[in-house]
There are 2 protein chains.
Amino acid sequence: MADFNLMRELTTEAKTKIVLLVMDGLGGLPRTPSGLTELETANKPNLNRLAREGSLGLSVPVRLGITPGSGPAHLGLFGYDPVQYDIGRGVLEAFGVGVHVGAQDVAARGNFCTVDAQGLISDRRAGRIATEKSTPIVAKLARIEIKGVEIEVKPVKEYRFVVVFRGEGLLAEVEETDPQKVGAAPLPAVARTAAAQHTAEVVNQWVAEARKLIKDEPQANALTLRGFSSDPNLPKYREVYKLKAACVAVYPMYKGVSQLVGMDVQKFEGDKPGDEFAQVKKIWNDYDFFFVHIKPTDSRGEDGDFEGKVKVIESVDEALPALLDLKPDVLVVTGDHSTPAKLKSHSWHPVPLLLWAPATHMPDLAGEFGERACTQGGLGRFPATDLMPLALAHALRLERYGA
Amino acid sequence: MADFNLMRELTTEAKTKIVLLVMDGLGGLPRTPSGLTELETANKPNLNRLAREGSLGLSVPVRLGITPGSGPAHLGLFGYDPVQYDIGRGVLEAFGVGVHVGAQDVAARGNFCTVDAQGLISDRRAGRIATEKSTPIVAKLARIEIKGVEIEVKPVKEYRFVVVFRGEGLLAEVEETDPQKVGAAPLPAVARTAAAQHTAEVVNQWVAEARKLIKDEPQANALTLRGFSSDPNLPKYREVYKLKAACVAVYPMYKGVSQLVGMDVQKFEGDKPGDEFAQVKKIWNDYDFFFVHIKPTDSRGEDGDFEGKVKVIESVDEALPALLDLKPDVLVVTGDHSTPAKLKSHSWHPVPLLLWAPATHMPDLAGEFGERACTQGGLGRFPATDLMPLALAHALRLERYGA
């Protein structure tokens, strides 16, 4: 991973600008043995030009063979070994919807579910209830009071919400209550340590109250809690990299991870690549580093929608000139992990990566941006956590190590 | 890094000979997007033949993105992780000019500078005063006496000298006195720890005496001290690799690093590649391992002299047959880091590496020795610290690990 002590020692202020453009789940697979991947299929003249001028490589999100979730995958790209920095889902979701989680607070991600008359889960996602329907149910939960504990609940999307418990002596060492299958009842919260016993009791008391309030809901008549966690207090971008960093993302999770590493999360209108690039332009003079997150590549991959994913890539390529007009010193285009439409899920495959930094890059021999071209790229295959030092070097923001 | 315990366990005596030919700062960059690098441009029939017969790869000096100084870069090539073994400049320079630094001694690299009437630095390098002029000034400094401390000063080159303090209770934990900018006065030596307080006082007393002796010099009328350090007592080549190793180098720094790892530094006439290869021939029967260092590739790179760097590479290629006539079992040709003329400085780019070992190498598909050819090389990209195990293996000097 990025050696933060080395980074603290060697990073230097500069006027150069770095853009990290992440197409979520970018990496793909061909549908037939002789076929092309989503990225290889896409008509993407701008990305291909950048690939011809710059350097390609493959980024390994966590370890060879390991499929990451969105949180760990982004932490890796940001230089934080996700195995060392294990951030709970609760914190990620909470930050994503703007709920603060302090080091003393415990956040959990909540899922509404449907239980039958016997209390056994019949739908783990409450029929993917619409956000408009789940929001008033979450509002009901906000009424629950437990002595000595301040509680904040907030809807996320569809069947998902977050709950944060604040009070003396709360600890995140609590097992999730999701049995991970239908036909089983939600589990009670169980403390992993004696010290977390009180927290588990608070959680169980809250769940009992919640169940009473929602028992008559047609779909969301029960709930499970996962990812109990506190603010991990990660080293911040400004401290370790001397970068003033902005996050331009649409989805809560990515805003959450960015905030954890000290990026300023941007508010802006719209959710298209062009809207995101317009926001980058607006704040171009205020920041050194711009994390731009494109979600639908991953969503279409998860849907198994090969053509849809191709179209998302094409839409990013089409919007790209607006970003290039800003003349970034370093532009990295990559994904946080692969989401091949063929697999309809995240995967472990190394992720195509393009580094374009005209003042410092070594143009390599590839003719286009694609998975197979990246296997021949001059950057080789490297851990995602090495990306930040590499980007900083290409931005001439690292001093020489030793005489 | 090279696992020294594994090396101690597996290395075995043999009659094979290994040559490590280092062209300092070998790696380069093209000047135009479609252009060639210095190495790719050079007419180098011998190196190209070796590349076709042998294996290519890229060596990462310290970590991805990290630009090393000469000392750390060579330590890496020799198998010592330069982040773990952080050697001070004072020790490196002292060893380089043949001044011994024991574990109890403190060495510093000195720079003459020019200060104005207010004592503020107007030239940090004293106009790069010629060695012939600085030598008698250093001789003056040798007169300074401090009770209980033995002091040795020696000129290095131009404005540079070394000073070694020997005596009871001296510690290297002292901050440098170079303010690193003109318009500021040289700083007093400040102890980083309470235990080093005495050392800082000795240094400040010495500097005060020195300033009196040189105050009327037209250029070198003041000085700064950097890189306070003691002998790091590194594991030695003979102990970890079972190699009797010789260093054939012209510049002090490289002799210094070699001596720190237990190489015998050679004295010889001349400073051309042919002179260095002639010295290798002379001692061929006395050693197992030959580190041959070519400096001007780096110097021309730092000058931004693309064509000059090309010519240095060509001059090495031209002299190479004399080395090949010795029939080394393993010949490694590489650099310690990259110094692209385009950047006029050391850089972080991985370094082209050629391994030729006719009895054991896997010929790969490359047709020439160059950065881009190396990205396709069979050795792949690996940390510089892995080179020694690789070279020892190709010299059949490593036993099997386990049954």
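Couple of notes before you dig in:
- Filtering the stretch A:170-219 to residues that are open to solvent by less than 40 Å² (accessible area, probe 1.4 Å), polar (S, T, N, Q) and part of a loop (DSSP other than H, G, I, E, B) leaves only A:THR177.
- Residue under evaluation A:PRO328, criteria (1) surrounded by fewer than 24 Cβ atoms within 10 Å (Cβ to Cβ); (2) in contact with a strand residue (DSSP E or B) (Cβ under 7 Å, 6 or more places away or on another chain); (3) within 29 Å of B:ALA341 (Cβ to Cβ); (4) within 14 Å of chain B (Cβ to nearest Cβ), criterion not met: (4)
- Considering only residues in the stretch A:149-168 that are β-branched (Val, Ile, Thr) and within 23 Å of the chain's Cα centre (by Cα), the one that is farthest from A:SER134 (Cα to Cα) turns out to be A:VAL164.
To keep it simple, each residue is scored yes or no on (1) farther than 20 Å from B:GLY127 by Cβ; (2) modelled with pLDDT under 95.
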| position | (1), (2) |
| --- | --- |
| B:LEU141 | no, no |
| B:LYS147 | yes, yes |
| B:ILE151 | yes, no |
| B:GLU158 | no, yes |
| B:VAL163 | yes, no |
| B:GLY167 | yes, yes |
| B:GLU176 | yes, yes |
| B:PRO179 | no, yes |
| B:VAL182 | no, yes |
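- The condition of being open to solvent by less than 10 Å² (accessible area, probe 1.4 Å) and within 14 Å of another protein chain (Cβ to nearest Cβ) holds for only one of B:SER345, B:SER338, that being B:SER338.
- Only a single criterion out of (1) over 19 Å from the mean Cα position of the chain (by Cα); (2) closer than 18 Å to A:PRO328 by Cα; (3) surrounded by 22 or more Cβ atoms within 10 Å (Cβ to Cβ) is not satisfied by A:LYS282, namely (3).
- The set of residues from the stretch B:236-260 being in a loop (DSSP other than H, G, I, E, B), closer than 18 Å to B:GLY79 by Cα and modelled with pLDDT under 95 is empty.
- On the stretch given as the stretch B:293-309, residues that are of a type in the set (A, V, I, L, M, F, W, C) and surrounded by fewer than 23 Cβ atoms within 10 Å (Cβ to Cβ) total 1.
- Residue satisfying condition, being out of contact with any helix residue (DSSP H, G or I) (no Cβ under 7 Å at 6 or more places or on another chain), acidic (Asp, Glu) and either within 22 Å of A:GLY98 (Cβ to Cβ) or buried (at least 22 other Cβ atoms within 10 Å of the Cβ) (or both), within set A:GLU318, A:GLU276: A:GLU276
- Within the stretch B:143-163, if we keep just the residues that are under 18 Å from B:VAL202 (Cβ atoms), in a strand (DSSP E or B) and of a type in the set (A, V, I, L, M), the residue that is most open to solvent (accessible area, probe 1.4 Å) turns out to be B:ILE151.
- Tally, over the stretch B:223-265, of residues that are open to solvent by less than 50 Å² (accessible area, probe 1.4 Å) and of a type in the set (S, T, N, Q): 4
- Residues in the stretch B:141-167 that are free of Cβ contacts under 8 Å to residues at least 24 places away in the same chain and closer than 11 Å to B:ASP105 by Cβ: B:GLU150 alone.
- In the stretch B:111-127, residue surrounded by the fewest Cβ atoms within 10 Å (Cβ to Cβ) [restricted to those that are among the hydrophobic types (A, V, I, L, M, F, W, C) and outside any strand (DSSP E or B)]: B:ALA117
- Hits in the stretch A:205-238 - residues which are under 21 Å from A:GLN104 (Cα atoms) and hydroxyl-bearing (Ser, Thr, Tyr): A:SER229, A:SER230
- Qualifying residue in the stretch B:369-383 (condition: out of contact with any Lys or Arg (no Cβ under 8 Å at 6 or more places or on another chain), open to solvent by less than 20 Å² (accessible area, probe 1.4 Å), of a type in the set (D, E, K, R) and under 24 Å from B:ASP271 (Cα atoms)): no
- Residue in the stretch A:351-403 that is nearest to A:GLY57 (Cα to Cα), counting only those that are more than 8 Å from chain B (Cβ to nearest Cβ) and among the aromatic types (Phe, Trp, Tyr): A:PHE369
- Inclusion of B:ARG109 among residues that are among the charged types (D, E, K, R), within 9 Å of chain A (Cβ to nearest Cβ) and more than 24 Å from B:GLU175 (Cα to Cα) is not warranted.
- Taking the stretch A:128-140 as the range and being surrounded by 17 or more Cβ atoms within 10 Å (Cβ to Cβ) and either polar (S, T, N, Q) or in contact (Cβ under 8 Å) with a residue 24 or more places away in the chain (or both) as the test, the residues that pass are A:ILE129, A:LYS133, A:SER134, A:ILE137.
- All conditions but one from (1) out of contact with any His (no Cβ under 9 Å at 6 or more places or on another chain); (2) open to solvent by 10 Å² or more (accessible area, probe 1.4 Å) apply to B:LEU354; the one that does not is (2).
- Residue pairs whose Cβ atoms lie under 7 Å apart, separated by 6 or more positions or on different chains, with the first residue in the stretch A:223-240 and closer than 17 Å to A:ILE87 by Cβ and the second open to solvent by less than 40 Å² (accessible area, probe 1.4 Å) and of a type in the set (Phe, Trp, Tyr), are A:LEU234/A:TYR80; A:PRO235/A:PHE4; A:TYR237/A:PHE289; A:VAL240/A:PHE4.
- Restricting attention to the stretch A:101-110 and to residues that are open to solvent by 10 Å² or more (accessible area, probe 1.4 Å) and at pLDDT 85 or above, the residue that is farthest from A:SER134 (Cα to Cα) turns out to be A:GLN104.
- Residue match in the stretch A:46-59 (condition: under 17 Å from the mean Cα position of the chain (by Cα) and under 28 Å from B:HIS349 (Cβ atoms)): yes
The values are calculated or read from the model by the stated rules, or taken from the named source; none is laboratory data. Just so it is clear, the model here is predicted, and its values are computed rather than measured. With ideal geometry, Cβ positions are generated from the backbone for all residues, glycine too; neighbour counts draw on all protein chains shown. Note: accessible area is taken over every heavy atom of the protein model, side chains too, but ligands, DNA and RNA are not part of it. Shrake-Rupley method; radii C 1.70, N 1.55, O 1.52, S 1.80 Å.
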